[in-house]
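Working notes, structure below.
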Amino acid sequence: MSGDKHIFAIMEHIQGAIKPGSFEVLTASRLLADQMGGQVFAVYLGPESESEIDCESLIQYGADRVLILRHSALASYTVSAYLEALLPVIESRHPEVVLLSASIHGKELAAALSARLKTGLGSDCISLDFNSAEGLTIRRPVNSGKAISTLVYDSTRPQIATLRANVFRGAGPDASRSGQVECIEVQISENSLSLKVKEVVQETGRNLDISEARIVVSGGLGMQNAGNFKLLQDLADVLGAAVGASRPVVDDGWRDYSNQVGQTGRTVSPDLYIACGISGAVQHLAGMSFSNCIVAINKDPNAPIFSVADYGIVGDALEVLPLLTSEFREVLNA
Ligand SMILES: Cc1cc2nc3c(=O)[nH]c(=O)nc-3n(C[C@H](O)[C@H](O)[C@H](O)COP(=O)(O)OP(=O)(O)OC[C@H]3O[C@@H](n4cnc5c(N)ncnc54)[C@H](O)[C@@H]3O)c2cc1C
């Protein structure tokens with residue numbers, strides 16, 4: 001059976017720079033391919049040629065083949081161009097499984113692929129397994145993270161899944177791995193593009209994407225005002241972290257919506273989540289309770305956030321944060 005059940009791992013990139021979540025997709029694909037006895041294809045869509053793509057890293061992270069689907073219309077992600085490029089390749093090569101990041105683009109593309117291919121989609125997976133009787137089995141949080149559901153697919157193929165960030169890290173690159181690179185000049189007709197990207201404006205400032213960051217420092221209404229978020233940013237800068245926020249903070253315009261963690265915001269699962277002046281409402285927990293380590297700073301010892309925290313500091317965040325920042329700065333500089 002070896003080589004029969006291929007996995008397409010769809011890469012996300014910004015002008016050729018592969019996003020960290022895509023390396024996790026490759027890591028997960030490799031583990032799955034080893035169980036299934038198949039090959040991993042890192043599928044890269046863009047105008048770049050082989051020499052402009054870090055194919056070596058893709059192979060080291062688990063790809064047996066790098067499949068470049070090349071067209072100028074793929075310079076920026078749009079669902080219509082990506083579909084037009086991907087569908088014929090999926091239909092001709094019959095991958096058993098297609099894996100994508102559970103990012104904004106990944107979720108959109110997965111849903112569109114699943115609708116067009118009339119096949120099953122598992123979203124926001126935290127584990128994947130394969131057995132010959134049932135095929136792919138996935139597990140994903142449901143009910144705002146209060147339960148985990150296990151799903152199997154019907155007989156349609158490919159089985160499509162999006163993977164939650166920071167869950168499938170694996171051992172990292174393996175320099176001894178080798179693989180092949182193949183480039184296909186795909187056809188995309190101008191008429192089929194329902195959307196065209198006119199301009200991409202890079203966000204200014206030091207903001208990391210909260211769903212990909214390994215450390216998130218988040219603030220709630222307990223931070224008192226927008227200006228006090230500087231204390232969170234200072235700590236985040238020292239730790240190389242992203243700054244998150246609760247919903248009322250975003251509603252009040254203290255932070256951008258892209259910072260919102262929770263049921264109606266982003267889902268994060270970093271190594272470390274530091275919640276400052278956040279009460280721990282169930283809708284907030286829905287977006288962060290899968291973090292590996294949770295530290296809560298709150299004035300109220302009975303705040304619900306302490307029930308999910310690994311470490312709790314009962315105190316005024318406005319006083320505790322500068323102390324933490326200076327301690328971390330000293331320790332990390334040493
Ligand atoms: C349908 C729906 C969807 C929602 N989606 C989301 C969502 O995605 N994300 C989200 O966050 N919320 C969401 N909410 C809102 C949620 O229910 C809570 O209202 C919200 O999370 C509370 O935010 P908070 O913890 O910042 O504020 P509060 O609940 O007001 O808590 C502030 C906390 O700060 C503490 N505090 C005060 N001063 C200090 C200080 N100086 N130092 C330390 N601690 C201090 C207080 O003790 C308190 O615990 C949603 C609600 C609904 C109904």
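Rule-based calculations on the coordinates, nothing more; no lab input. Predicted model only: the values in this text are computed from it and were never measured. Because the Cβ atoms are built from the backbone with ideal geometry, glycine has one as well, and the counts that use them run over all protein chains shown.
The table below lists the values:
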{"read-out": "Karplus-derived 3J(HN,Hα), 6.51/-1.76/1.60, for each residue of the range 69-84, Hz, glycine and proline x", "value": "9, 10, 6, 5, 6, 9, 4, 10, 5, 9, 5, 5, 5, 4, 4, 4"}
{"read-out": "Shape call, the chain: gyration tensor on alpha carbons, a/c limit 1.5", "value": "prolate"}
{"read-out": "Peptides ranked, highest mean first, by Cβ atoms within 10 Å: ranges 78-84, 260-266, 157-163", "value": "157-163, 260-266, 78-84"}
{"read-out": "Protection proxy ranking of 94-107, 111-124 - average other beta-carbon atoms within 10 Å, highest first", "value": "94-107, 111-124"}
{"read-out": "Long-range Cα-Cα pairs in the range 1-121 (distance over 20 Å), rounded percent", "value": "37 percent"}
{"read-out": "Gain on full stretching of the segment that runs from S155 to N302 - 0.36 nm per residue minus C-alpha separation", "value": "48.0 nm"}
{"read-out": "Gain in span if fully extended, Q15 to D129, counting 0.36 nm per residue against the direct Cα distance", "value": "37.8 nm"}
{"read-out": "Relative contact order [Cα under 8 Å, 6+ residues apart], the range 215-333, whole percent", "value": "25 percent"}
{"read-out": "The range 215-333 shape via C-alpha gyration tensor axes, a/c threshold 1.5", "value": "rounded"}
{"read-out": "Relative contact order of the chain, pairs being alpha-carbon contacts under 8 Å that are 6 or more residues apart, as %", "value": "14 percent"}
{"read-out": "Value of [θ]222 nm, deg cm²/dmol, for the chain, DSSP H segments ≥ 4, -39500 (n - 2.57) each, nearest 500", "value": "-8500 deg cm²/dmol"}
{"read-out": "Between 0 and 90°, nearest 10: helix 229-239 axis offset from the chain longest Cα axis", "value": "60 degrees"}
{"read-out": "Interchain or long-range residues, amide H under 5 Å from G312's placed H", "value": "A296"}
{"read-out": "Inter-site label distance for L193 and N333 at 7 Å from Cα along Cβ, in nm", "value": "5.0 nm"}
{"read-out": "Protection-proxy order for peptides 67-77, 307-317, each taking the mean of Cβ atoms within 10 Å per residue, highest first", "value": "67-77, 307-317"}
{"read-out": "Cβ-defined net charge surrounding G145, 14 Å radius [Lys, Arg +1; Asp, Glu -1]", "value": "+4"}
{"read-out": "Lysines whose Cα lies under 26 Å from that of K196, excluding same-chain neighbours fewer than 8 positions away", "value": "K19, K107, K118"}
